[in-house]
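Chemist: Take a look at this one; I'll ask things after.
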Amino acid sequence: MRFRCFCLLTSAFCLAALAPLAMAQETKGALAELASYAGPDRAQRLAEGARREGFLNLYTSLTVDDMAALNAAFEKKHGVKVRMWRAASDKIVQRALAEARAARFEVDVIESNAPSLEILHREGLLQTVRSPHHADLIPAAVPAHREWVGARLNVFVHAYNTRLVRKEELPSSYSDLLHPRWKGRLGIEASDEDWFAGVVQSMGEEKGLKLFRDLVATNGLSVRRGHTLLTNLVASGEVPFALTVYNFTAEQVKQKGAPLDWFVLPPAIARANGVAVTRRAPHPHAALLYYEFMIGEEGQLILLQRDFVPASRKLDTPLNRGPLTIVDAALLIDQGERWAKLYEEIIVKQVR
């Protein structure tokens, strides 16, 4: 996620250019009616319409293998093909905005992180949905506007190479990372401003910013771009200890036999990743059916089986038993430029 890029995308110029288009896209047609329909035949109606449409177009930032498992299950159950385009979350926002400006309405469903989806909501590109599955999700997964919904949580965890770091050495607080044993051994991802904001605010801003400045000055941080890359560097031993990797990636690498384990220092920071139906979806039944699948029992169970933290309150994982601080996407966008600058100044541009 690149909040500096997001702030540029949501500049006054973009808003001025898109406002007339967003107003023109307001419709009380088939999609709006379907999205709010609450009759007992809702599921049947969506499934039958989706089979007639035949396919849907999906933009996603989820890893290829994980999305392939979800898509395969959906296609097998409903006989509806998923045409997928995968890119980083900021690229998805750029493409969706560009296509809207050009009045090209090709994408049906967008799966990405909550800040990206919140931007698209603010630009008027997403459809309000009333789903019976919303009641099964944690409250933080269902924003009041209901133009996107959280399907899973990416929990930031700390990963370490078990051949290079002994369990008894592990820190019990962030201040423990100031110990000389961690000099030259720490890594961090280049775009985790939301994690940084959450941790710093939990400590008290003045104290938290000082701690990270001291950490960089005394022990240094190796900044890497990409959570999967950082996790693999821990597994290979190039980065003995990483501060910010995603729980599901760390667990998947661990299960493959890599010398890697992970844990969480409080506060546990999580970012919602969700799904949204576009307001001008060309395949409305298929789009809504996929949305329901992702937050329904089957999709949530697949996410759990693939080591994600599902948003459903019906499923239990080690990470959702304890308190989680879930990033407020709307607040982060409003304050994103400030935290991006702080992260850049203190972490990314520091001398290594």
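The values are calculated or read from the model by the stated rules, or taken from the named source; none is laboratory data. All of these numbers come straight from a predicted model, not from anything done at the bench. Neighbour counts are summed over all protein chains in view; Cβ atoms, including those assigned to glycine, are modelled from backbone coordinates with ideal geometry.
Chemist: Kindly provide the set of residues from the stretch 124-157 that are buried (at least 21 other Cβ atoms within 10 Å of the Cβ) and over 21 Å from PHE293 (Cβ atoms), ordered by number.
Modeler: Within the stretch 124-157, LEU125, VAL155, PHE156, VAL157 meet the criteria.
Chemist: Right, here's the next one. On the given criteria, is GLU251 of a type in the set (Asp, Glu), surrounded by 20 or more Cβ atoms within 10 Å (Cβ to Cβ) and either in contact with an Asp or Glu (Cβ under 9 Å, 6 or more places away or on another chain) or in a helix (DSSP H, G or I) (or both)? First the steps, then the outcome.
Modeler: On the way: of a type in the set (Asp, Glu): yes; surrounded by 20 or more Cβ atoms within 10 Å (Cβ to Cβ): yes; either in contact with an Asp or Glu (Cβ under 9 Å, 6 or more places away or on another chain) or in a helix (DSSP H, G or I) (or both): yes.
Yes, satisfied.
Chemist: Give the residues of the stretch 69-81 that are surrounded by 17 or more Cβ atoms within 10 Å (Cβ to Cβ) and over 24 Å from LYS91 (Cβ atoms), sorted by residue number.
Modeler: Taking the stretch 69-81 as the starting set, the residues that turn out to be surrounded by 17 or more Cβ atoms within 10 Å (Cβ to Cβ) are 70-71, 74, 78, 80.
Correct list: HIS78, VAL80.
Chemist: Failed condition for GLY257, given (1) at pLDDT 95 or above; (2) out of contact with any strand residue (DSSP E or B) (no Cβ under 8 Å at 6 or more places or on another chain); (3) on the phi < 0 side of the Ramachandran plot, with all others met?
Modeler: It is condition (3) that GLY257 fails.
Chemist: Would you please list the contacts, defined by Cβ atoms under 7 Å and residues six or more apart or on different chains, that run from a residue in the stretch 30-55 that is within 15 Å of SER131 (Cα to Cα) and part of a loop (DSSP other than H, G, I, E, B) to a residue that is small (Gly, Ala, Ser) and modelled with pLDDT of 95 or more?
Modeler: none
Chemist: Which numbered condition in (1) touching a residue at least 24 places away in the same chain (Cβ under 8 Å); (2) surrounded by fewer than 24 Cβ atoms within 10 Å (Cβ to Cβ); (3) assigned to a helix (DSSP H, G or I) is the only one that PRO282 fails?
Modeler: (3)
Chemist: Mind checking which residues of the stretch 56-68 are surrounded by fewer than 15 Cβ atoms within 10 Å (Cβ to Cβ) and either in a strand (DSSP E or B) or not acidic (Asp, Glu) (or both)?
Modeler: Of the stretch 56-68, the ones surrounded by fewer than 15 Cβ atoms within 10 Å (Cβ to Cβ) are 64-65, 68.
VAL64, ALA68 - these are the residues of the stretch 56-68 that are surrounded by fewer than 15 Cβ atoms within 10 Å (Cβ to Cβ) and either in a strand (DSSP E or B) or not acidic (Asp, Glu) (or both).
Chemist: Within the set of pairs 6+ apart or on separate chains, which have a first residue in the stretch 71-88 that is in the same structural domain as ILE110 (by TED's automatic domain parsing) and over 16 Å from ARG306 (Cβ atoms), a second that is exposed (fewer than 13 other Cβ atoms within 10 Å of the Cβ) and of a type in the set (Gly, Ala, Ser), and C-beta atoms under 8 Å apart?
Modeler: Every condition considered, the pairs that remain are VAL80/GLY54; LYS81/GLY54.
Chemist: Something else about it: Go through (1) within 15 Å of the chain's Cα centre (by Cα); (2) at pLDDT 95 or above; (3) surrounded by 20 or more Cβ atoms within 10 Å (Cβ to Cβ) for TYR160 and report which single condition fails.
Modeler: With respect to (1) within 15 Å of the chain's Cα centre (by Cα); (2) at pLDDT 95 or above; (3) surrounded by 20 or more Cβ atoms within 10 Å (Cβ to Cβ), TYR160 is out only on (1).
Chemist: State which residue is farthest from TRP339 (Cα to Cα) when the search covers only the stretch 175-204 and only residues that are acidic (Asp, Glu) and surrounded by 15 or more Cβ atoms within 10 Å (Cβ to Cβ). Before you say what the answer is, go through the steps one by one.
Modeler: Filtering the stretch 175-204 for residues acidic (Asp, Glu) gives 176, 189, 192-194.
Going one step further and asking which of them are surrounded by 15 or more Cβ atoms within 10 Å (Cβ to Cβ), we end up with 189, 192-194.
Working: GLU189: 15, ASP192: 10, GLU193: 6, ASP194: 8 Å.
Across the stretch 175-204, the extreme among qualifying residues is GLU189.
Chemist: Find the residue count for the stretch 218-231, including only residues that are surrounded by fewer than 19 Cβ atoms within 10 Å (Cβ to Cβ) and free of Cβ contacts under 8 Å to residues at least 60 places away in the same chain.
Modeler: Residues meeting the conditions: 5.
Chemist: Just one of the numbered conditions (1) touching a residue at least 12 places away in the same chain (Cβ under 8 Å); (2) under 21 Å from ASP65 (Cα atoms) is not true of PRO259; which one?
Modeler: PRO259 satisfies every listed condition except (2).
Chemist: Here's a follow-up. Just wondering, is there one or more residues in the stretch 287-309 that are assigned to a loop (DSSP other than H, G, I, E, B), modelled with pLDDT of 95 or more and not assigned by TED's automatic domain parsing to the domain that holds GLU193? Walk me through it before giving the result.
Modeler: Let us first name the residues in the stretch 287-309 that are assigned to a loop (DSSP other than H, G, I, E, B), namely 296, 306-308.
Pick out the ones that are also modelled with pLDDT of 95 or more and you get 296.
Still in the list and also not assigned by TED's automatic domain parsing to the domain that holds GLU193: 296.
So far as the stretch 287-309 goes, yes, one or more of its residues are assigned to a loop (DSSP other than H, G, I, E, B), modelled with pLDDT of 95 or more and not assigned by TED's automatic domain parsing to the domain that holds GLU193.
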